[in-house]
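Quick notes on the structure that follows.
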Amino acid sequence: MGQCFLTDSNITDKMVKAAAFGASDGVLEAGPGLGALTFALSRAAGRVTAVELDGRIMPLLRHNLEGAANVDLIQGDIMKQNLEELVHDKMPGLRYHVCANLPYNITTPVLSRFIEADLFETLTVMIQKEVAARLCAKHGTPDYGAFTVFTNYHTEPETLFTVPPECFTPRPAVYSGVIRLKTRKERILAPAEEPMFFRVVRAAFGQRRKTLVNALHAVFGNSFEKGEIAEIVRKCGFDERIRGESLDTADFAALSKVMTAVKTEII
């Protein structure tokens, strides 16, 4: 299944220490593999729920976690779990967090699901280094994109450290990066304003070589004249030749608010 199992206890301990879990914290882990991170989590957190897709390694995983009474192992697909029911059932009364070495091939959908669930105070995850760089990128840089804005809208991302290939068995061909996403307690926009915001963000990066005006017109052309979009961009204080990658999350929020006010019927 292409797994690369994290085996270096120094890295697992460093990851758990950075997450700063305690007895009042419940941790959800996706893809525990051979249980190295799971075991480290069990010594720090109040409870750990680990969901593993590969049923073939479950016997070894259970063996490796013998004595860890605060760990619940579930064989299944994390993408098919009812996350709210799962954490409420397995970790009642605790603060919910995610800590995991995520499979590279499903990083984006899994992270999106965890973030959108709005259940977890923090997400401390190990992912491909290049993906970590994109999630924590600053606006105006090549790594900055639509998923960066999505992540920044919901969380406060922080780069923690890099993990070399030799910490895994078998060794992956790339380096990994550990990041922590702290869920924002207050959103920039009201829920009713969010559909327009994310539509604007997707449009801005859908053709990122185009100016923001041209990129927005390509998507919103049925509702806005190009001149109207240019005027909205200027009204927000931006040069009409600006590209979407130059806007930060607050800028996109301001832009979407004005667009909503001008043509509320398009959402």
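The values are calculated or read from the model by the stated rules, or taken from the named source; none is laboratory data. Just so it is clear, the model here is predicted, and its values are computed rather than measured. Quick reminder, even Gly has a Cβ in these numbers, built from the backbone with ideal geometry, and neighbours come from all protein chains shown.
The residue pairs whose first member lies in the stretch 165-194 and is on the phi < 0 side of the Ramachandran plot and touching a residue at least 12 places away in the same chain (Cβ under 8 Å), whose second member is part of a loop (DSSP other than H, G, I, E, B) and acidic (Asp, Glu), and whose beta carbons are closer than 7 Å, counting only pairs six or more residues apart or on different chains, are Cys167/Asp8; Thr183/Glu121.
For every residue, the table says whether it meets (1) among the charged types (D, E, K, R); (2) more than 24 Å from Phe238 (Cα to Cα).
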site: Phe114; (1), (2): no, yes
site: Ala117; (1), (2): no, yes
site: Val125; (1), (2): no, yes
site: Ala133; (1), (2): no, yes
site: Cys136; (1), (2): no, no
site: His139; (1), (2): no, no
site: Asp143; (1), (2): yes, no
site: Phe147; (1), (2): no, no
site: Glu156; (1), (2): yes, yes
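Going through the stretch 163-180 one residue at a time, which ones are in contact with a Cys (Cβ under 9 Å, 6 or more places away or on another chain) and assigned to a loop (DSSP other than H, G, I, E, B)? The answer is Pro170, Arg171, Pro172.
Based on this model, can you work out whether Val174 counts as in the same structural domain as Val125 (by TED's automatic domain parsing), surrounded by 13 or more Cβ atoms within 10 Å (Cβ to Cβ) and of a type in the set (A, V, I, L, M)? Answer is yes for this residue. Residues that are basic (Lys, Arg), surrounded by fewer than 18 Cβ atoms within 10 Å (Cβ to Cβ) and not assigned by TED's automatic domain parsing to the domain that holds Lys138 number at least 3 in the following helices (runs of 4 or more DSSP H) confined to the stretch 188-267: 226-235. Against the conditions (1) more than 12 Å from the chain's Cα centre (by Cα); (2) part of a helix (DSSP H, G or I); (3) closer than 21 Å to Glu186 by Cα, Glu130 satisfies every one except (3). Right, Gly22: under 18 Å from Leu94 (Cβ atoms) and part of a strand (DSSP E or B) or not? In short, no. Collect the residues in the stretch 32-60 that are crowded, with 19+ Cβ neighbours inside 10 Å, in a helix (DSSP H, G or I) and out of contact with any Pro (no Cβ under 6 Å at 6 or more places or on another chain), keeping them in residue-number order. Correct list: Ala36, Leu37, Phe39, Ala40, Leu41, Ser42, Ile57. Exactly one condition in (1) part of a loop (DSSP other than H, G, I, E, B); (2) within 20 Å of the chain's Cα centre (by Cα); (3) closer than 21 Å to Thr169 by Cβ is false for Phe120; which is it? All conditions pass for Phe120, except number (3). Filter the stretch 87-106 for residues that are surrounded by 19 or more Cβ atoms within 10 Å (Cβ to Cβ) and assigned to a strand (DSSP E or B); which is farthest from the chain's Cα centre (by Cα)? Applying the filter and picking the extreme gives Tyr96.
When the stretch 139-162 is limited to residues that are part of a loop (DSSP other than H, G, I, E, B) and within 16 Å of the chain's Cα centre (by Cα), the one that is farthest from Gly244 (Cα to Cα) turns out to be Asp143. You will find that of Glu66, Glu84, the residue that is free of Cβ contacts under 8 Å to residues at least 24 places away in the same chain and more than 13 Å from the chain's Cα centre (by Cα) is Glu66 and no other.
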